[in-house]
Each structure stands twice: as C-alpha cells, then as structure tokens.
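The values are calculated or read from the model by the stated rules, or taken from the named source; none is laboratory data. Keep in mind the model is a prediction, meaning the values are calculated, not measured. So basically every Cβ, Gly included, is an ideal-geometry build from the backbone, and we count neighbours across all protein chains shown.
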C-alpha cells in the first residue's frame, strides 16, 4: 500500500516536471510507432496448413502488431464505452491519478479520489496533439512571383507528403476516432474537444477526399445522431462580442485592474480559437465542393432525429453580426473611441 502511495506522488510530479517539458521530436513519435517497411531483404517464410496448403499472405495473422493502430483502438474503445457516461469537467483541480496522503483518514482519502474520466484524460489529449503535429501543414502565406515554377513543383511534392502523413493516421482509425470523441462530448467544450478538432483539421487539410469519404460512410453506417447534436451544442455555446463586458474592461483598465479582466472568461470572445477550429473542421469536411457531405450536414436521411448544422452555423453568424452591430451603434455617435 505504501508503494502505491509513493507511485501516486511520483507520477504527477514526473508528468509535470518532465513529460510536459519534453517538446522535442514529438512530431516524429507517430513515425516511430508505425512499423517500418524495410524488411523486403529478409527471407520470407512460407506458411502452410497441416494439410500442406499454402496460406496466402492476406490471410496470415500479422505476427508484428501495429502499435499505433492498437493505441488508436484503445482510444476508440474508451470513446465507445464512456460515450453514455461522458460528463464535462469544469473543475481545474481534477487529477488524472488519485492522490492520497499517508496517515489520512480513509474517509478523507476517498474524498480526494477523483473519478477517472477517460474521455478527458491527459493521455488522449497529449496523443491527439502529437498526432496532429505529425501531419505537417504549411501556413498559407503570399507566394513570390519569382519562384512560381519551383513553388509548383514543391507544392506537388508537399501535397503527396501531406496525403501520406494523413493516410498513416486515417488508415489506422484516427479519423473515425475524431468522430467518436466529438459524439461523446455531449456538446460541452473542453480540452478534449479542442484537441480532437485540431486533429480533425490536420487530417482533412488540403481537401483530402478519401478521408471525407471515410467520415461520411461511417456516419451513414452508424447513423450517429449524437455527433450532430454535439456539434449543434458546441455551436450554440460559442461566444460572441459582449458590449457590457467590453465597457467593464475599459473602466477596469482606468483603475489599474485591466489585466485581471483581460484574461480568462472575462475576455471578449475568450473562446475565439475554439470557435474558429469548430467551423474550420466543418468547412474541411465539405472542402472541394463535396455536395454529399454538404447535404448530409443539412439533413440526415434515415436518422430518428435530423439536425441542420447549416442552420446552426447561420444562427451563430447572425448572433455574431448582432453583437458587432451593438458595438457599431454604440460608438457611431461618439467622436473618439
């Protein structure tokens, strides 16, 4: 028992002091987990049955399991098993490992133990971040006119490399995993949803038609209503500009308290990055004028409940426009801001 208590002290400290600071080569971790294809020179052993019949290669059991595929399947099982029990975590004191102190009363020990919620666990959040980093996406900058021919050749090469990196994860179930975790979020924004959206954006970046087809086929096969209700709930909770909060912050800055109100939930559009990621993910599902996905986001034939995500998007844009107009009419009559 004392050894386990020591482990409970060690693991959070190890995670905080070492793992969180280890930020070198994380984008290469996925490539290290994928089995290499450099075994062509090794002699192949022909496998036969007891009757002496040769077993085709496609029917043979894979003697070397794929670590990345096993990891993604583990996360998929967590999303499937916990989907009905997924609850948002708003407590900043949530600990991944239960912390007990030697000599504590058993009742106090139980009160310190937090329930283990796999869906919002640090391992998934960190691995989703690492998976996203393994897909190298270049930011869209202005192109120089002098290097048009070179850029065109480089773009083709980069596009092929991007497709290969996306395929490594998608073929092992990462794209389906994103849908599972978004469905299990119950429309509650948190770090898990943010990292899932980031991973989905990296997988779909560049208009990957194969992954788009993979996603819509999964949704049509499973008839997953919770994905659409969760996405609608996330859109409904995206914030807009708040005139009262803005004026309160201006007054606080005059009193020397602006730094406190300018951070956290008191900031205007404090979830701007999350909102952009949410709509960017939806946009990439329909990138390249994918009419099938566009229509499926609008209406889901065969589902017990149909959610029009196009209307949800328009509703948010109208709310955002109304908040901008509040600022405009409030300050339009003033000579200086």
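Here is a yes/no grid of residues against (1) under 30 Å from residue 219 (Cα atoms); (2) in contact with a helix residue (DSSP H, G or I) (Cβ under 8 Å, 6 or more places away or on another chain); (3) surrounded by fewer than 13 Cβ atoms within 10 Å (Cβ to Cβ); (4) modelled with pLDDT under 95:
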| site | (1), (2), (3), (4) |
| --- | --- |
| 235 | yes, yes, no, no |
| 241 | no, yes, no, yes |
| 262 | no, yes, no, yes |
| 270 | no, yes, no, yes |
| 298 | yes, yes, no, yes |
| 314 | yes, no, yes, no |
| 319 | yes, no, no, yes |
| 333 | no, no, yes, yes |
Some residue of the range 151-162 being in a helix (DSSP H, G or I), surrounded by 15 or more Cβ atoms within 10 Å (Cβ to Cβ), modelled with pLDDT of 90 or more and more than 17 Å from the chain's Cα centre (by Cα): yes
Identity of the residue in the range 266-296, in a helix (DSSP H, G or I), free of Cβ contacts under 8 Å to residues at least 24 places away in the same chain and more than 19 Å from the chain's Cα centre (by Cα), that ends up farthest from residue 241 (Cα to Cα): 291
Residue list for the range 217-231, filter: surrounded by fewer than 19 Cβ atoms within 10 Å (Cβ to Cβ) and touching a helix residue (DSSP H, G or I) at 6+ places or on another chain (Cβ under 8 Å): 218, 220
